[in-house]
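Structure record follows, encoded as structure tokens.
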Amino acid sequence: MVAAFITEPLVVDPVVHAAEIARFVAKVVEGPGEYCAIWTGAIGDDGYGRFSITREGRERTVKPHRYAVAYRLGVPIEFGEVIEHIVCDNPICCRADPEPSVGHVWPSTQADNLRRMASRGRGGGRRWWVRRWSGLSRPERAERSRALAAAVRDGWDEARVRRVLMTIDPAQLPLFD
Ligand SMILES: [Zn+2]
């Protein structure tokens, strides 16, 4: 049984939640270079990850990309606050980083600026791994997320990642062209 989503602000303290952070990090596989950091734990029917935490003695569920932002940016994430995958559109990407040229996942309050930066920095060749996810149906998105997580569960495997991203729904256009 899956616990309810957290409704309190999500705070991740590097000291208080050290064991939880270690459990989180162990489920994320970082691609090389600027590639996504992929969640390999549980994935819900919406295609987003699920991570269990305990707050005030109660088990709560959070989406891992939101957890990554709270942890890596050191900011509380309010209930209902929109967190966006600005670079990659990949729902299970957890690449949060305070450095704008590194992070993929950001609070939407910072999104417009970062999107402008991202579009300026795109000159150096096409990123094959940036795919449009938002146009997928919910079952298609969940299928692609689960396939992608499975592709890297034993470590980064570019051939498998490519196969998932390029062959699930081949009619898809890349996000940026
Ligand atoms: Zn990403």
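The values are calculated or read from the model by the stated rules, or taken from the named source; none is laboratory data. The model shown is predicted, which means the values in this text are computed figures rather than measured ones. Don't worry about glycine lacking a Cβ; one is built from the backbone with ideal geometry, like all the others, and counts go over all protein chains shown.
For the stretch 16-45, what are the residues that are assigned to a helix (DSSP H, G or I) and in contact (Cβ under 8 Å) with a residue 12 or more places away in the chain?
If the condition is that a residue be assigned to a helix (DSSP H, G or I) and in contact (Cβ under 8 Å) with a residue 12 or more places away in the chain, then Glu20, Ile21, Phe24 are the ones that fit.
In the set Asp46, Asp97, Asp89, which member is touching a Pro at 6+ places or on another chain (Cβ under 9 Å), of a type in the set (Asp, Glu) and closer than 24 Å to Arg132 by Cα?
Asp46
With respect to Leu148, is the statement that it is at pLDDT below 80, in a helix (DSSP H, G or I) and surrounded by 14 or more Cβ atoms within 10 Å (Cβ to Cβ) true?
No: the conditions fail for Leu148.
Restricting to the stretch 55-103, name every residue that is in contact with a Gly (Cβ under 7 Å, 6 or more places away or on another chain) and of a type in the set (Lys, Arg).
Matches in the stretch 55-103: Lys63, Arg95.
If we scan the stretch 101-108, do we find a residue that is within 14 Å of the ligand (Cβ to nearest atom), touching a helix residue (DSSP H, G or I) at 6+ places or on another chain (Cβ under 6 Å), of a type outside the set (A, V, I, L, M, F, W, C) and without any contact (Cβ under 8 Å) to a residue 40 or more places away in the chain?
No; the residues of the stretch 101-108 include none that is within 14 Å of the ligand (Cβ to nearest atom), touching a helix residue (DSSP H, G or I) at 6+ places or on another chain (Cβ under 6 Å), of a type outside the set (A, V, I, L, M, F, W, C) and without any contact (Cβ under 8 Å) to a residue 40 or more places away in the chain.
Just to be sure I understand the filter: pairs with C-beta atoms under 8 Å, separated by 6 or more residues or on different chains, first member in the stretch 80-97 and within 12 Å of Gln110 (Cβ to Cβ) and without any contact (Cβ under 8 Å) to a residue 60 or more places away in the chain, second member of a type in the set (Phe, Trp, Tyr) and not in a loop (DSSP other than H, G, I, E, B). Which pairs pass?
Note: pairs meeting the criteria are Ile83/Trp106; Glu84/Trp106; Ile86/Trp106; Ala96/Tyr71; Ala96/Trp106.
When you scan the stretch 60-114, how many residues do you find that are part of a loop (DSSP other than H, G, I, E, B) and loosely packed, with under 14 Cβ neighbours inside 10 Å?
Matching residues across the stretch 60-114 total 10.
Give the residues of the stretch 19-40 that are in contact with a Phe, Trp or Tyr (Cβ under 7 Å, 6 or more places away or on another chain), aromatic (Phe, Trp, Tyr) and within 24 Å of Glu8 (Cα to Cα), sorted by residue number.
Within the stretch 19-40, just Phe24 meets the criteria.
So, of the residues in the stretch 105-145 that are over 19 Å from Gly47 (Cα atoms) and basic (Lys, Arg), which turns out to be modelled with the lowest pLDDT?
Checked the stretch 105-145; the qualifying residue modelled with the lowest pLDDT is Arg122.
Look through the stretch 87-100, keep the residues that are over 8 Å from the mean Cα position of the chain (by Cα) and charged (D, E, K, R), and return whichever of them is nearest to the ligand (Cβ to nearest atom).
Across the stretch 87-100, the extreme among qualifying residues is Asp89.
So if I check each of Ile77, Ile43, which one is farther than 21 Å from Pro14 by Cβ, more than 14 Å from the ligand (Cβ to nearest atom), modelled with pLDDT of 90 or more and in contact with a strand residue (DSSP E or B) (Cβ under 6 Å, 6 or more places away or on another chain)?
Going through Ile77, Ile43 in turn, just one is farther than 21 Å from Pro14 by Cβ, more than 14 Å from the ligand (Cβ to nearest atom), modelled with pLDDT of 90 or more and in contact with a strand residue (DSSP E or B) (Cβ under 6 Å, 6 or more places away or on another chain): Ile43.
Can you name every residue in the stretch 97-111 that is charged (D, E, K, R) and in contact with a strand residue (DSSP E or B) (Cβ under 9 Å, 6 or more places away or on another chain)?
Hit for the stretch 97-111 is Asp97, nothing else.
Within the stretch 46-59, count every residue that is more than 15 Å from the chain's Cα centre (by Cα) and outside any strand (DSSP E or B).
Qualifying residue count, the stretch 46-59: 2.
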